[in-house]
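Beneath this line is the structure, given in structure tokens, with notes to follow.
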Amino acid sequence: MSSQTALSIENLTFSYGGKKALDQLGFSINSGECTLLLGPNGAGKSTLFSLITRLYDSHEGQIELCGFNVKQQTRQALAKLGVVFQQTTLDMDLSVMQNLRYHTSLHGLGRKVALQRIQQELERLNMYERRFEKIRQLNGGHRRRVEIARALLHKPALLLLDEPTVGLDVPSRLAIVEYVHQLVAEEKLAVLWASHLIDEIYPEDHLIVLHKGQIKAKGTVDEVLLNTGTTSIKDAFYSLTQGEQA
Amino acid sequence: MSFLHYWRAMWGIVGRELWRFVTQRERFISALVRPLVWLFVFAAGFRAALGLAITPPYETYILYEVYITPGLIGMIQLFNGMQSSLSMVYDREMGSMRILMVCPLPRWFLLLSKLLAGTGVSILQVYVFLAIAWFYDIHAPWQGYLWIMPTLLLSGLMLGALGLLLSSFIKQLENFAGVMNFVIFPMFFMSTALYPLWKMKESSVFLSKLAEYNPFSQAVEMIRFALYGQFDQQAFIYTLVAFLLFMAAAIVGYNPSKGMMVKKGGA
């Protein structure tokens, strides 16, 4: 495995009872790559995220984060991971600062470093002025920004985003898409982004199309278009998932 | 992972819980109202109906209010333990539990920290309750107020671990209410919190046996003795073993490989 490989998945299979949710998945993401994970509802995207974050455990296949096996070297692996879940996971009754300080303490950062990182991440997202406001007072877009800032505080190598723009207005959505791509380009962060929205894909992104627990296509945008013989991602997606919506 | 990392994470979890508790005045008040109603109303009504013989740790005849004070302390911790677990089910449903579970620390440590946080809150409640009870002429030796601190820690951990174990089996908040009824009320009423064992034995030997082996009874007796500066070794060991068993089972319940999390499809 290359030293720049942030995430490596091999032969990953997972079942709920007798029903297979993921079937022999395999792919990798290098640092400085943004990979969009596309798939209809029930494709297995959330299950895959739960396995990468070790909320679930699989008996078949393996997942490595920066060379650390998620099952055997869980703590080292999770230290390399930043996550933004689909549901808001902020404490509504605490302020922005308190939520972020809670996260830094869970990652063992000292007060001085924590405050520096919090200032740095919030300023980049134009949220520093609002650090003492309660989460409840923020709108959906600002809450998402706080969650992204939080996910980056411990300097992860891989950022997992589980449909972070769902329910946001267009300007908020575009701002987040642009910011994440900026992180990938400037800080060589690896990103795995589950999305329903095809307009969030940049031409230089990588794609993984997941359908019924299987990878139907993977590669750069151009490679996926070439392999499916289509001219747009939308057409490629439809042909791979037989008309089901992303 | 350094010791400092563990220390910071534990304080982060405990501090968050304490801050939430202090800022949620309704929760603070409602946690106190329950035992105070029992003390001021129920105990006053029962005082005449229930005669109490002199039994250790008491060296003289006591009022019923004095007898049930340790039981009400246990009640505070029992409800608090269940409420902490309820909040874990809520956090799991809302997703905020995930942030805790994906941080780079062993899961047993995270669960233990959550337990300590809940126990810390319950100890605060108990001392406020004891302060109010003091003005109601329920006095214990001054050293008793210090001695109960470690026993409150153990009893709080034991009851919290039981709640944690229950929360690992429960998928939805709605189900939790049912389990609370099946756990809290039998545990509380089938214990020495409200009446001594010998009194219960007069009515039913079987019930008195159940009460004797109820871990809540043992926790209450441990608190009762500590409040009078005495150490009840049997109750201490029983509570400690119960805590270790509940905690071990809860850790298995929250283990992604062996527990209920995958079966429930949530974390």
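A few comments on the model shown:
- Each residue in B:ILE29, A:ILE233, A:ILE198 was given a count of other beta-carbon atoms within 10 angstrom of its own, and listing them fewest first yields B:ILE29, A:ILE198, A:ILE233.
- Charge tally in the Cβ shell below 15 Å around B:GLU65, where Lys, Arg are +1 and Asp, Glu are -1, B:GLU65 excluded: +1
- Inter-part distance where segment B:85-134 and segment B:212-228 are each reduced to a Cα centre, Å: 22 Å
- Candidate aspartates and glutamates - alpha carbon under 17 Å from A:LYS134, same-chain residues fewer than 8 apart omitted: A:ASP91, A:ASP93, A:GLU147, B:GLU17
- Using the Cβ of A:TYR128 as centre and a radius below 15 Å, the other residues enclosed give a net charge of +3, where K and R count +1 and D and E count -1.
- Computed from point charges on the beta carbon alone (+1 for Lys and Arg, -1 for Asp and Glu), the dipole magnitude for segment B:3-261 about its Cα centre is near 700 Debye.
- Alpha-carbon Rg with Dmax, taken over chain A, Å: 17.9, 54
- Neighbouring Cβ atoms from other chains, within 10 Å of the Cβ of residues in A:70-79, number 3 on average.
- In chain B, the calculated helix contribution to ellipticity at 222 nm averages -25000 deg cm²/dmol per residue, counting -39,500 (n - 2.57) for every DSSP H run with n ≥ 4.
- Remark: A:GLU186, A:GLU121 ranked as A:GLU186, A:GLU121, counting other beta-carbon atoms within 10 Å and listing the fewest first.
- Backbone HN-Hα couplings from phi across segment A:205-213 [Karplus 6.51/-1.76/1.60, Hz, Gly and Pro as x]: 6, 9, 10, 10, 9, 10, 9, 6, x
- Karplus-derived 3J(HN,Hα) values for segment B:72-79, using 6.51 cos²θ - 1.76 cosθ + 1.60 with θ = phi - 60°, are 6, 4, x, 4, 4, 6, 5, 5 Hz; glycine and proline are entered as x.
- Between B:LEU245 and A:SER232, the modelled label-to-label distance comes to 6.5 nm, taking each label 7 Å out from Cα in the direction of the beta carbon.
- In segment B:90-172, a dipole from Cβ-located charges (positive for Lys and Arg, negative for Asp and Glu) runs towards its positive end, and of B:ILE170, B:VAL102, B:VAL121 it is B:VAL102 whose Cα lies farthest in that direction.
- Amide H contacts under 5 Å for A:LEU7: A:ILE29, A:CYS66, restricted to partners 5 or more places along the chain or on a different chain, H placed in the peptide plane at 1.01 Å from N.
- Separation between Cα centres of segment A:158-172 and segment B:55-70, rounded to whole Å: 61 Å
- Taken about its Cα centre, segment A:95-246 carries a charge dipole of roughly 980 debye when the Cβ of each Lys and Arg holds +1 and the Cβ of each Asp and Glu holds -1.
- Sequence-distant residues sharing a close amide H with A:THR220 (under 5 Å, placed H): A:LEU207
- Peptide packing: for A:93-99, B:6-12, A:205-211, the average count of neighbouring Cβ atoms within 10 Å per residue gives the ranking A:205-211, A:93-99, B:6-12, highest mean first.
- Mean Cα-pair separation over length for chain B, i.e. relative contact order, pairs under 8 Å, 6 or more apart, %: 25 percent
- Of A:LYS188/B:LYS114; B:LYS114/B:LYS199; A:LYS212/B:LYS114; A:LYS19/A:LYS155; A:LYS45/A:LYS80; A:LYS188/A:LYS218, those spanning more than 28 Å from alpha-carbon to alpha-carbon: A:LYS188/B:LYS114; B:LYS114/B:LYS199; A:LYS212/B:LYS114; A:LYS19/A:LYS155
- Rounded to the nearest 500, the helix-only mean residue ellipticity at 222 nm of chain A stands at -10500 deg cm²/dmol, with each DSSP H run of n ≥ 4 adding -39,500 (n - 2.57).
Readers should treat all values here as calculations from the given coordinates under stated rules, not as data from a laboratory. Computed from a predicted model, the values in this text were never measured in an experiment. Virtual Cβ from ideal backbone geometry, glycine too; neighbours counted across all protein chains shown.
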